[in-house]
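Take a look at the structure below.
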Amino acid sequence: MWVVAKINRKKINLFIKEIKEKCGDDLVLYRPSIQLEKIRKNKLEKNVKPLLEDYFFCFSKKFKDINFTNTLSYIKGLNYFLTGYINNQKEIYKFVENCKFYQNSKGFITKEFFYNLISTKGKFVSGPFTNMFFDIIEKNKQGFKVMIGNYKVSLSKKENNLFLPV
């Protein structure tokens, strides 16, 4: 059974260590990440950013027991488990599988994940338009046509621009 844990970023290693001790070998931890590329001082910098910031997906058969999950609430580094995880197993499973489907060989989410996710508005998180918002005018197999302010821009799926839906 999957649970979604909100963690304290400063105590992430403590959280991982403690939850592994409590759940044993049955535990699977998953935290989807993206790799951002930025050019600074004519050098390419690669940074890793978690897709969902402070959230981890945790799978264990032991999570079926609500009392067991409640005892884990006091693990160091854990803020809380999201409520309603029992009723939302299908949605959590589908999201995790979707993320894994769009992972590259290094385990990072690829840009195709975002092309299928985004609907009308977005924000660039890499490339020359970093931190700029846009509206989608047209979406096709090759890419997007977007409005950034008063400018129309065509984005190809081959480009390395990453963006998030807004």
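Compute the angle between helix 89-101 and the longest alpha-carbon principal axis of the chain, please, reported from 0 to 90 degrees and rounded to the nearest 10.
50
Please work out which option in [x] 55, 38, 28; [y] 61, 29, 21; [z] 47, 36, 26 gives Cα extents along the principal axes in Å calculated from these coordinates, and answer with its label.
Identified label for the calculated read-out: [x].
Taking the DSSP beta bridges in segment 1-149 as the whole, what percent of them are antiparallel, to the nearest 5?
95
Karplus couplings for segment 27-40 from phi (6.51 cos²θ - 1.76 cosθ + 1.60, θ = phi - 60°), rounded to Hz, Gly and Pro as x?
7, 10, 9, 9, 9, x, 9, 10, 9, 9, 10, 10, 9, 10
Using a cut-off of 14 Å between beta-carbons, work out the net charge of the residues near residue 86 (Lys and Arg +1, Asp and Glu -1, residue 86 not included).
Within the 14 Å Cβ shell, the charges total +2.
Charges at C-beta only: +1 for Lys and Arg, -1 for Asp and Glu. How large is the resulting dipole of the chain about its Cα centre, in Debye rounded to 20?
Dipole size: approximately 480 debye.
Do you know the relative contact order of the chain, to the nearest whole percent, from alpha carbon pairs under 8 angstrom that are 6+ apart?
Relative contact order here is 23 percent.
Might you tell me the accessible area per residue for the chain, computed with a 1.4 Å probe and given in Å²?
Accessible area per residue, the chain: 65 Å².
Apply the Karplus parameterisation 6.51 cos²θ - 1.76 cosθ + 1.60, with θ equal to phi minus 60°, to every residue of segment 53-66 and state each ³J(HN,Hα) to the nearest whole Hz, in sequence, with x for glycine and proline.
Working through the residues one at a time gives 6, 9, 10, 10, 9, 10, 10, 7, 5, 5, 6, 5, 7, 4 Hz.
The values are calculated or read from the model by the stated rules, or taken from the named source; none is laboratory data. In this text, all values refer to a predicted model and were calculated from it rather than measured experimentally. For neighbour counting, all protein chains shown are included, and Cβ atoms are generated from backbone atoms with ideal geometry for every residue, glycine included. Just so you know, the surface numbers come from the protein's heavy atoms only, side chains and all, with ligands and any DNA or RNA stripped out. Shrake-Rupley method; radii C 1.70, N 1.55, O 1.52, S 1.80 Å.
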